[in-house]
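Reading through the structure tokens given below for one structure.
Coordinate-derived values only; no laboratory data. Everything quoted here is computed from the prediction, not taken from an experiment. With ideal geometry, Cβ positions are generated from the backbone for all residues, glycine too; neighbour counts draw on all protein chains shown.
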Amino acid sequence: MKNSGYEKVFQDGSVWRSIFRMAIPSLITIIIMIFYNMADTFFIAQLGDYAKVASVSIVTPVFSMIMALSTMIGAGGSAVIAGDIGAGNREKAMNDSSTCFYAAVVLGIVLSAILLMFPGPLLQMLGTKPEMWNDSAMYLRILSCGTVFMLIPSAMGMIVRAEGAVKEGLIGNMTGTVTNLILDPLFILVFRWGVPGAAIATVIGNILSSSYYIFYVLKKSHALSLSLHRALISPLAILPVASLGIPNALSTILSGFSSAFSNSLLSGYGTQAIAARAAAGKASMLISMVQMGICMGVQPLLAYHYGAGDQKRLREVLQKTALLTGMIGVGTMLICFVFRHFIVSLFLKDMAVAAIGEKYMLYVMAGAPFLGIVYLTTSFLQASKNAGSAVIVSLLRQGLLLIPLIYLFHRIFGFYGIAASHMAADILAALLAGVIFFREYRKFVK
């Protein structure tokens, strides 16, 4: 483990320094991912056709759910591998990382085949309107061809941080994002490829990002491996990885379901309503993903101290991370509130549709600052290998609460009830997660 850097990152100096060393690169990565996710919508919006914005939005939940499976491998693998390293078991860390990599590859191939075989029924289920059909179908097909390269960067970006390679995790994410930001305007606006151009740019960015992570692990890593032999030695190692990563995956999968369900209801109000929701959702995504980035960044730190049995430092990391996520969540919400007109106008050029988006945005972002409690609770439960409770917390917001509330609030309040349901679900999820956290933490201390 010599020169791996994990001692310096995880053990040395103040807790604040350790948190910032892990959280800042993760936070930057999340912000880059936000720009990455916004890029397609932003540049397509410059074409001045809100139907094209809606075309991308209607398909996005599908790939959000696919990315959830990659997050399951990455987050679960990161927790397991960081625990291996903390316990001094380098061989197991190398076996586990190999298993995670090939699990992402196989999963990507299977999902790609399924999406390419059944695009029509899927688009119908999502509520695709006739004027959106051609663009949505092309966007779906192109991204489906690159599913493997979508899964690898998401999983490996988390896994490399398990050995303290925070800079390399950041570089890998930036590689794909910068590529996408360069190619999007070129393909969409200069070559006039429109929605298909956005999909092609995304696939190319993912291929380059995947290539970087593969190069890093093969040439520079001290505790990770991509050996097929190691993966075949312990293929069942994916089970504890999956059990710890399921909370992250469930949250994103259910988010995709709730988005698809919302779009299905909104389709009754026309394409404008779907486009307005797509623009408004960017603000809520910004607030919640910033907090998630911090909590995911410190997860290897929590897992390391848990594996090492350092209860005092683990407690201090939890306390200071909670303070940090709370402050940043509120600050980000205030920024989005002040600049809501500017944010919505980035994605909608039609003023009437943009006005709907601004009002919708006020509802969906009101509860977002509380989500730091949910994400930190999940990270703590994963670090302490309490997969069952972590799954319950992940089910709360997007599944047990949000989907029923969307249906109920829509029946009672109509169009804006769909937006208000997100606010109610976020606040209730945070309260319940807080109760679960204190219960499980008391058990841990005893």
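Here are some notes:
- For region 6-445, a Kirkwood radius taken over Cα pairs fed into Stokes-Einstein (20 °C, viscosity 1.002 mPa s) yields D = 99 µm²/s.
- Restraint check, LYS219/LYS320; LYS220/LYS385; LYS167/LYS385; LYS167/LYS349, Cα-Cα greater than 32 Å: LYS219/LYS320; LYS167/LYS349
- Shown for ASP96, ASP40, ASP350: other C-beta atoms within 10 Å of each C-beta, ranked fewest to most, produce the order ASP350, ASP40, ASP96.
- Amide H contacts for SER221 (H built 1.01 Å from N in the peptide plane; partners 5 or more residues away or on another chain; cut-off under 5 Å): none found.
- Estimated translational D of region 248-365 in µm²/s (Stokes, Kirkwood radius over Cα pairs; 10 °C; 1.306 mPa s): 98
- In sequence order, region 212-222 has phi-based couplings of 5, 5, 4, 4, 4, 5, 5, 9, 10, 6, 9 Hz under the Karplus curve 6.51 cos²θ - 1.76 cosθ + 1.60, θ = phi - 60°, and Gly or Pro positions carry x.
- Helix axis angle, 15-45 relative to the chain longest principal axis, alpha carbon, degrees: 20
- Rounded tilt (10° steps) of 371-383 against the dominant C-alpha axis of the chain: 40
- Note that region 97-105 has calculated 3J(HN,Hα) couplings of 5, 5, 4, 4, 4, 6, 5, 5, 5 Hz, one per residue in order, obtained from phi through the Karplus relation 6.51 cos²θ - 1.76 cosθ + 1.60 (θ = phi - 60°); glycine and proline are x.
- Rounded to the nearest whole Hz, the Karplus-based 3J(HN,Hα) values (6.51 cos²θ - 1.76 cosθ + 1.60, θ = phi - 60°) of region 134-151 follow the sequence 4, 5, 4, 5, 5, 4, 5, 5, 5, 5, 4, 5, x, 4, 4, 6, 7, 7, with x at glycine and proline.
- Shown for ILE287, ILE28, ILE436, ILE182: other C-beta atoms within 10 Å of each C-beta, ranked fewest to most, produce the order ILE182, ILE28, ILE436, ILE287.
- Spread of Cα-to-Cα distances over 10 Å intervals beginning at zero, given as percent, for region 353-446: 17, 41, 25, 12, 4, 0
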